[in-house]
Amino acid sequence: MISVDGLAVEFSGSTLFSNISFVINENDKIALMGKNGAGKSTMMKIIAGVKKPTKGYVRAPKDAVIAYLPQHLLTDDNCTVFEETAKAFGHVFEMRDEMDRLNHEMSSRTDYDSDEYMKLIEQVSELGEKYYALEDVNYDAEVEKTLLGLGFKREDFTRPTSEFSGGWRMRIELAKILLKEPDLILLDEPTNHIDIESVIWLENFLVNKAKAVMVISHDRAFIDNITNRTIEVTMGKIYDYKANYSHYLQLREERRVHQLKAYKEQQKTIADSKLFIERFKGTYSKTNQVNSVERMLEKMELIEVDEVDNSALKLRFPPSIRSGDYPVTVESLSKNYGDHVVFRDASMAIKRGEKVSFVGRNGEGKSTMIKAIMGEIEYEGKCTIGHNVKIGYFAQNEAALLDPELTVFQTVDEVAEGDVRTQLKTILGCFMFSGDDIDKKVSVLSGGERTRLAMVKLLLEPVNLLILDEPTNHLDLKSKDILKEALLNFDGTLILVSHDRDFLQGLSQKVFEFKDKRVLEHFETIDEFLARNRMESLKEVEKKG
C-alpha cells in the first residue's frame, strides 16, 4: 500500500493543488484525469520520486518498487537494445559488484582484530543476506525472453536504441518495467507514438500481469479497458471514483448537478440573510437576531461548483473545390532503404470523397507511403495525384516544425492571405488562443498547444485532399472529439494515419493495412477491422502463453 499524504505544490505564489491525500492499493488500476494544466503529470512525478512537493509526503513500504514511464522517453542512445533493457537489473548487478569488492578487501587484509575489520564483516553479512535472498535467476535469459515476447528479433538485440522508432523505444522501456516486477507502474501518455498492436499488448499486460497501475492518457478506449478507479484533479483538489473513465463521466455530471443545486440554495440563503441584516440592522428589538445571522454568514463554508473546461476547439474545415474522380492512384509502388524493404508492389485507388485509414505496426511503411504521395521521397512504381487536387498535409512532427522564435499570431500571420487576415484573432480564439496567448512564443507552448496551432495553419486555405499523420498526439479528449466531428463533416477526401482506436472508429469506410512488406486493402469500416484484428492478436498472445 502506497499513501499520498497532504501533497501541495505552489509555483511563484500560485497553488497548483493543496492538501491532496489518497491511498494506492495493490491491484488498483487508476486513471489520473483532469484538464490540461491541472497538475496530473506533476503529481505523477512526485509519486515517482523525481519531483519534490512544496508540502506533504508519499509513503511506501521499504522494499516497494515504483516504475515510472514518462511522457518523453529517456532511453540512452549509446546503448544497444539488450544493454538498455538489462538496466532493469542494475540494482542486482551493483549488489554483486559491491559483494565482490568487499570480499576482495577482506581477503587482502590481516587486521582481523580491528574495529574496521569487524565493520567490514558486518557489511558483507548484511549485503550477503540481501543478495543471496534473491532468486537464482539467469538475468540474460530473462532479458532475452522478454524482448522476444515484445516482438524484437535476436538481430535487434545488438542494434543501438537510436535506430528504433518511438513505438519500439516504448517497448524497451516497458520491457525494463516488466523485468522489475514493480509494485506500482506510473504511465504518462503511454499510447502516444505506439501502434495499435503495441497498445493491445500493453492493455493485456496491465490487466493480467501488473500489480497497481496509475495512468494519464487521452486514449479513451485504452483507459476504459484497463482502469477500475478514476482520480480527477480539479481546482486544486481531487475526487476519487471507484469506476472506469466512462462511468466516472456519468458520476462527475451527477456530482455537478448536486453541487449546482446546493450552490443555488446557499446563494439564496446568503442573499436573504443580507437582506434581513440590511433591513433590521438599526432595530433594537432585532439586534440579537441580526448578530446571529452575521455570525452564521461569517462561519458559512462557501460551496464551490467544479469548473468545466468550456474552452472548445471550434473546428470547421472550409468548403473544398471539386477534384477529379480519383485524387490518389498508386500502382506497383515499391520502396526500400538500402537492403531494407519497406513495402513492394503496393497499389491503391482512393475515390473523391472517400475517408480511408492507414493502419499497421510502427515501421511498416504508413508514413513512407504518405511521403511518396507528397512527392517527398523517391520510389519505384507509379503514384498519380488526380486533376484539381489541392493537398492539406499534417505531418507526424508538424508541431515540432513550427518556428520556436515566432509568436502564436506571427505563426499564422506568416501564411495567411487575403480577407482571412482580418479574422486571424477570431480564428485563434476558436482554437483556445485568446488575450495574451497570441503573443506567446511557440517555444513556451505545450505539445497540445503546438498541435492546435499547427492545425490553424492547415485550415487557412481550402483543400480537397486532407492527409493527417497522427493528428491526435498531445490533443486532449475534448479537442479530439471536436476534430473528429469536423472530419466527419469534411466534404473532401481524407487519408488518416492514427493509432487511436476511439478516434478512428466511425471515421473511415476503407482500411489499408501495412503488413509484412505489403499493403492490403480491406473493404470494411475501421470498427470491423479492429474487432477482427484484436481477436487475432489475443489468440497470438494465448498461443505464446
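The values are calculated or read from the model by the stated rules, or taken from the named source; none is laboratory data. Bear in mind that the values here come from a model prediction, so they are computed numbers and not experimental data. Because the Cβ atoms are built from the backbone with ideal geometry, glycine has one as well, and the counts that use them run over all protein chains shown. Just so you know, the surface numbers come from the protein's heavy atoms only, side chains and all, with ligands and any DNA or RNA stripped out. Shrake-Rupley method; radii C 1.70, N 1.55, O 1.52, S 1.80 Å.
Okay, here's what the table says:
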item	result
Distance in nm between pseudo-label sites at residue 116 and residue 103 (7 Å out along the Cβ direction from Cα)	2.3 nm
Carbon and sulfur %, accessible surface of region 167-312 computed with the full protein complex present, 1.4 Å	50 percent
Accessible area of region 380-499 belonging to carbon and sulfur atoms, whole % at 1.4 Å probe	46 percent
Ranking by accessible area, most exposed first, for 168, 201 with a 1.4 Å probe	201, 168
Protection proxy ranking of 490-501, 209-220, 253-264, 106-117 - average other beta-carbon atoms within 10 Å, highest first	490-501, 209-220, 253-264, 106-117
Of all DSSP beta bridges in the chain, antiparallel share, percent nearest 5	50 percent
FRET efficiency estimate (nearest 0.05) - Cβ-Cβ, residue 159 to residue 377, R0 22 angstrom	0.45
Hypothetical label at residue 489: residues of region 435-459 whose amide nitrogen lies under 20 Å (7 Å Cα-Cβ projection)	452-453, 455-459
Solvent-accessible surface ranking, highest first, for 379, 284, 393 at 1.4 angstrom	284, 379, 393
For the chain: accessible area per residue (Å², 1.4 Å)	53 Å²
Computed lengthening from residue 520 to residue 285, 0.36 nm per intervening residue step minus Cα-Cα distance	75.7 nm
For the chain, calculated [θ]222 nm from helices alone, where every DSSP H run of n ≥ 4 adds -39500 (n - 2.57)	-12500 deg cm²/dmol
Distance between modelled label sites at residue 305 and residue 8, nm, 7 Å Cα→Cβ extension	2.9 nm
Pairwise centroid distance, computed over Cα atoms, of region 210-244 with region 1-66, Å	14 Å
Distance between modelled label sites at residue 129 and residue 258, nm, 7 Å Cα→Cβ extension	5.1 nm
Full-stretch length increase - residue 273, residue 54 - with 0.36 nm per residue and alpha-carbon distance subtracted	74.9 nm
Segment residue 91-residue 325, length gained on full extension (0.36 nm per residue, minus Cα span)	78.0 nm
Neighbour-limited loop hits for GluC sites (Glu not before Pro), region 369-441 (at most 15 other Cβ within 10 Å; DSSP other than H, G, I, E, B)	376, 378, 405, 414, 417
Listed residues 502, 272 arranged by accessible area, highest first, probe 1.4 Å	272, 502
Read-out percent of Cα pairs over 38 Å apart, derived from the coordinates shown; its label in (i) 38; (ii) 43; (iii) 27	(ii)
Region 224-301 - Rg over Rh from alpha carbon coordinates, Kirkwood radius	1.29
Region 353-398 and region 480-511: distance between their alpha carbon centers, rounded to Å	16 Å
